[in-house]
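Let me begin by presenting the structure, written as structure tokens, before commenting on it.
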Amino acid sequence: MNMNTHQNTIDLAIRHFIDEKTSGRVAGNELKDDILLTEAGVSMLEIYEIVVALEDRYGISIEEADLQVKDYNVSSLSKCIKRKLIRKTNETLSWKDAFESIVFSGHAPALKTPLTVHLDPTFRCTSRCIFCYDSSGGDHGLNEMTTDELKKVIDGCRELDVFEITFGGGEPFIRNDFLELLRYVKQQRLRFYILSNGTLITKEVARELSGIMDRRFDKIQVSLDGPNPEIHDRQRGVPGTFEKTISGIRNLMENGIMPVVNTVLTKINYEYIPDMIPFLINQGIQVYRVLRLHPLGRCKDLRVYNELKLAPEQTESIFEFLFQQREELVGQLQLSNDHACIFPMSARLLRSNVRSLPGIPPASYACGAGTSKLSIGPDGSVYPCAYMYEFPELKIGSVRENSMKELWENDALWKVYREPLVPAGKCARCDYLYHCKTGCRILSYSVYGDMGAPDPGCYYEPSRLLTQEPVEK
């Protein structure tokens, strides 16, 4: 795949400012990348004005220690800005990470209030995704909460000082009252994050949503599994979904809403991931995330999961490709740095950046489930995490019977999540246990029936230990 066919947006910005600051005397679009600006006739004062404009645009500082003025050309400026942006991304701590570090570092078993609440108002959906973690599509026979009940839940979030509500499903826009609920969220001065397949986002819905969202904080993620209908529709289980999803994305963008595009990685779309990069750039998308397959919902049947999951070498290949592209595409397309496409300690590149600490237990085994977040299903059932919906034995309670505050403050209900677990299998003696803490608890529970067992996405093999393979149910 040749990425050079897409003009880098940083280069374009530099050329634009050259035109602007020289009043068109030096044509930026005609200037070769390696020609020094001074040789092209740009004065020192104009160069400093260009640098200031670039600093303002990208929120960085360019100093002579980074690049001497006499060496400024389009190429050197672009590379300098890329380095600054990559460093800024790696060093900037998100508000979630900052708060969750209190728990993850072992300073507290749980936060006094959840940072986020994952609220699924419905399991009804316009898609039938072959891997859906909660088997959405039908009504599950659930008695969905009414508009008033959901508003009461939102009131509970406000009472608990929750930062953000994540709306998923099912497809949340399938509910006629969803926009009303979003308005109510903003009335309570809360942030929201929407997980959608995009198929119901008409021009009218996008226009209304644009009037509700605070673009500084509120986000929407749209699922797109391939650059063509054949791949996307196959994974999403309904013909015609691709065109509806693309239409929904365009409707959002036309109304000033830039969605995050998310792809679930399987054997079906593995070879098409590189094609997604130029496709998304051509669509004008700015943020892209690739998520590994989970043995949940319709993939809870390990025969299905094993048919769809990638081989270790394929997973590693995609990870390394995306890792490389993330740096090359800075300023053009932001690739998520959460490494969600792979179990992190499976990646050689990530292991090489952390210390091997054999025999040293983690400061905390906690994940966000029950310590910094909780999830609420369509019928009001409360779980530590939305991935747990199909395990009724893990249900904590119901907001139809108790307030979220009552449930959150009852430590006995969350004991298994707020106290250390016992690592099992190869995790017990793994030299990277300190960093991964056995991985995702619910994925281990789904496959092995033990939250301390190895994450099923982990294919790193500690020395002298045997591999633990999933046993088909």
Partnerless cysteines, meaning none of the other Cys C-beta atoms lie under 4.7 Å away, in the chain: CYS80, CYS125, CYS157, CYS299, CYS341, CYS367, CYS385, CYS427, CYS430, CYS436, CYS440, CYS458
Grab the Cα-Cα distance for HIS435 and GLU307, subtract it from 0.36 nm times how many residues apart they are, and report the gain in nm with one decimal. 43.2 nm
Contact order normalised by residue count of segment 294-399, Cα under 8 Å, 6+ apart, percent: 14 percent
Calculated FRET efficiency, ASN29 and ASN353, Cβ-Cβ r, R0 45 Å, to nearest 0.05? 0.70
Between ASP56 and GLU419, Cβ-based FRET efficiency (R0 35 Å, step 0.05) works out to 0.10
What is the extension gain from HIS16 to SER105, computed as 0.36 nm multiplied by their sequence separation minus the C-alpha to C-alpha distance, in nm to one decimal? 27.4 nm
Given a cut-off of 29 Å, what percent of all Cα-Cα pairs of segment 322-473 lie beyond it? 29 percent
Express the relative contact order of segment 187-286 as a whole percentage, based on alpha carbon pairs under 8 Å and six or more residues apart in sequence. 32 percent
What full-extension length gain, to one decimal in nm, is calculated for ASP97 and PHE279 as 0.36 nm per residue of separation minus the Cα-Cα distance? 62.4 nm
Per residue, how big is the convex hull of segment 44-131 when only Cα atoms are used? Give it in Å³. 233 Å³
Please find the FRET efficiency linking LYS395 to ILE360, where r is the Cβ-Cβ separation and R0 is fixed at 30 Å, and quote it to the nearest 0.05. 0.30
List residues of segment 247-277, by number, whose backbone nitrogen lies under 16 Å from a label position 7 Å along Cα→C-beta of GLU328. 272-277
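Which order do the peptides 268-280, 95-107, 309-321 come out in when sorted by mean C-beta neighbours inside 10 angstrom, highest first?
Numbers: 268-280: 18.2, 95-107: 14.7, 309-321: 16.7.
Ranked by mean Cβ neighbours within 10 Å, highest first: 268-280, 309-321, 95-107.
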With the Cα gyration tensor of segment 180-260 giving a ≥ b ≥ c as the square roots of its eigenvalues, does the rule (a/c under 1.5 for rounded; else a/b larger than b/c for prolate; else oblate) give rounded, prolate or oblate? prolate
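Each reported figure results from applying straightforward, stated rules to the coordinates on display, with no laboratory input. Being a predicted model, the structure only gives us computed values, none of them experimental. Positions of Cβ are backbone-derived with ideal geometry, glycine not excepted, and every protein chain shown enters the neighbour counts.
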